[in-house]
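The values are calculated or read from the model by the stated rules, or taken from the named source; none is laboratory data. From a predicted model like this one, the values you see are computed outputs, not experimental measurements. Cβ sites come from the backbone with ideal geometry, for glycine too, and all protein chains shown count toward neighbours. Heads up: the accessible areas ignore ligands, DNA and RNA and are worked out on the full protein's heavy atoms, side chains in. Shrake-Rupley method; radii C 1.70, N 1.55, O 1.52, S 1.80 Å.
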Amino acid sequence: MDTNNPDLLLSKQLFGDDFAWGVSTAALQIEGSCDADGKGTSIWDTFSARKGKILNGDKPTTACDFYSRYTDDIDLVKELNIPNFRFSIAWSRILPDGTGRINQAGIDHYNKLINYCLQQGVEPWVTLYHWDLPQALEDKGGWTNREIVNWFSEFVTICAQSFGDRVKNWMVMNEPAVFTGAGYFLGIHAPGRSGLRNFLPAVHHVVLSIVAGARILRKICSDAHIGNTFSCSHIEPYANTPKHINAAKRADALINRLFIEPILGLGYPTDDVTALKGIYKYHQPGDEDNISFDFDFIGIQNYTREIVKYSFFTPYIGASLIKAEKRNVELTDMKWEVYPPAIYHMIKKFDAYPQIKKIIITENGAAFPDTHTDGIVHDPKRVKYLQTHLQQVLKAKQEGCKVAGYFVWTLTDNFEWAEGYHPRFGLIYIDFDTQHRVIKASGHWYASLLR
């Protein structure tokens, strides 16, 4: 396949009739209406109110106003010929305090959203947890409190009972390595905790909760298609020497293997990162039977690659990333390297696990500095990014990898976590002052591919 020619050999038909095409979103990033109709406060509402935590002091208070404008945006999904729409359910809309009292208005909202998707011929794919923990639960320790396995199970049960008659595709959690790593180890995402003493219990309780949630879905929605999504980055050593190769191996264990391997029944990768052995302090009898699940599919979310070097001064892992902006490579607005083969390598890596039945790319996309001129948004870099990455997905599929779907991140420009409203990932441009929507050239390109 000629990767220098993005248009060569790229058509919907080449991926097969049963390949799932879609677009992905997250509640906190698009909904706004953060206290409307009885919704409780989330950790991101609290975190974004703290000075200096979000770029430009941005807040998700309004975001894309999807809560009010969901019919308009689902109409746009339909207009773009996108058959599958992935969204998440805000836990604190359903349970404002995280547990106990149910907010019927929240259930009513998601019922209306799901019904409208189906009415428009768009299949809903639901993520149960996309990082927006109710603040009331964080006040009790959040993911560091083992009781959260029960709190999360209560939330999943309500969602499965309320929406499972119409939702056939479920993801339990989104990118556990990111929300535990950035939120409970580095402190750069909500809730802003840091250190191993927060990270290790959070990791173990998240794994227990993913499996508990999946088992509840299997019990209540017996015919459902159940998965979980995992962030991943293709990792290469800075140099082909033992110390750099071993550093890259440690980084890979932390970034790519920490959650998927226990869930596949392989245990935590503690042999490669000895600091992870502290996780066993949080094990209780019987946990080994409750940290693995036979998922119908695994969602992988890839954006870039990382170059890793040995670093004596980096605690626990002895490795550090060489920033892409120092490597003279093409960058996105997130300062991530544009490196299409990364997604191919990650599909091959996950495909090598015999326990994985099916792989779906549940997020892939790029932020670039889009400008809106005379009702038109030209974004040739995003078009090329999507084309070249899809080529790599097709290459993996043609080599026999069990990759069965591709979802673009994301539908509309949105609140990009700690980066606020600056990075624009959307197929649709949003003027955040007026909420006016404009389909970008990349959106029209994707619609054409899916026509």
Fill in the blank from the handout: For segment 315-451 the translational diffusion coefficient, Stokes-Einstein from a Kirkwood Rh over Cα pairs at 25 °C and viscosity 0.890 mPa s, in µm²/s, is roughly 148
Handout entry: For segment 1-80, the spread of Cα positions along each principal axis, largest first, Å
Key = 49, 30, 18
Fill in the blank from the handout: Residues whose modelled amide H sits under 5 Å from the amide H of Met171, counting only those 5 or more places away in sequence or on another chain, are Val126, Thr127, Leu128, Gly227
Problem - Per-q log10 I(q)/I(0), segment 366-443, q = 0.13 Å⁻¹ (Debye; single scatterer per alpha-carbon; no solvent) - result: -0.45
Practice task
Putting +1 on Lys and Arg Cβ atoms and -1 on Asp and Glu Cβ atoms, find which of Ile439, Leu196, Leu427 reaches farthest to the positive end of the dipole of the chain.
Solution key: Leu196
Fill in the blank from the handout: Residue ranges of DSSP H helices in the chain that stretch 30 Å or more (Cα, own long axis) and have mean Kyte-Doolittle hydropathy of at least 0.0 are 196-220
Practice task
Once you've got the Cα coordinates, tell me which of Lys168/Lys219; Lys335/Lys357; Lys39/Lys358; Lys349/Lys395; Lys357/Lys395; Lys53/Lys323 are over 25 Å apart.
Solution key: Lys335/Lys357; Lys39/Lys358
Problem - Calculated log₁₀ intensity ratio I(q)/I(0) where the Debye formula runs over C-alpha points of segment 224-298, q = 0.23 Å⁻¹ - result: -1.09
Practice task
Give, rounded to the nearest 20 debye, the magnitude of the charge dipole that segment 27-162 has about its Cα centre when Lys and Arg contribute +1 at Cβ and Asp and Glu contribute -1 at Cβ.
Solution key: 320
Fill in the blank from the handout: Accessible-area order for Met173, Met334, largest to smallest, probe 1.4 angstrom, reads Met334, Met173
Fill in the blank from the handout: Along the dipole axis of the chain (charges at Cβ: +1 for Lys and Arg, -1 for Asp and Glu; origin at the Cα centre), the most positive-end residue among Leu321, Ile148, Ser222 is Leu321
Problem - Base-10 log of normalised Debye intensity for segment 1-160 (one unit scatterer per alpha-carbon) at q = 0.10, 0.13 Å⁻¹ - result: -0.45, -0.70
Fill in the blank from the handout: Scalar couplings 3J(HN,Hα) for segment 254-265 by Karplus 6.51 cos²θ - 1.76 cosθ + 1.60 (θ = phi - 60°), nearest whole Hz, x for Gly and Pro, are 6, 7, 10, 10, 4, 9, 5, 5, x, 5, 7, x
Handout entry: Taking only Cα atoms of segment 247-393, radius of gyration then Dmax in Å
Key = 18.6, 64
Practice task
May I have the pair-distance distribution P(r) for segment 177-278, computed from all Cα-Cα distances with 5 Å bins from 0 and rounded to whole percent?
Solution key: 2, 12, 18, 21, 19, 13, 8, 4, 1, 1, 0
Fill in the blank from the handout: If every Lys and Arg gets +1 and every Asp and Glu gets -1 at its Cβ, then about the Cα centre segment 303-421 yields a dipole, in debye to the nearest 20, of 740
Problem - Amide proton proximity set for Leu331, modelled H, under 5 Å, gap of 5+ - result: Val338
Completion exercise
Along principal axes, largest first, the alpha-carbon spread of segment 171-237 in whole Å comes out as 39, 29, 17
Completion exercise
Convex hull around the C-alpha positions of the chain: the volume in Å³ per residue is 142
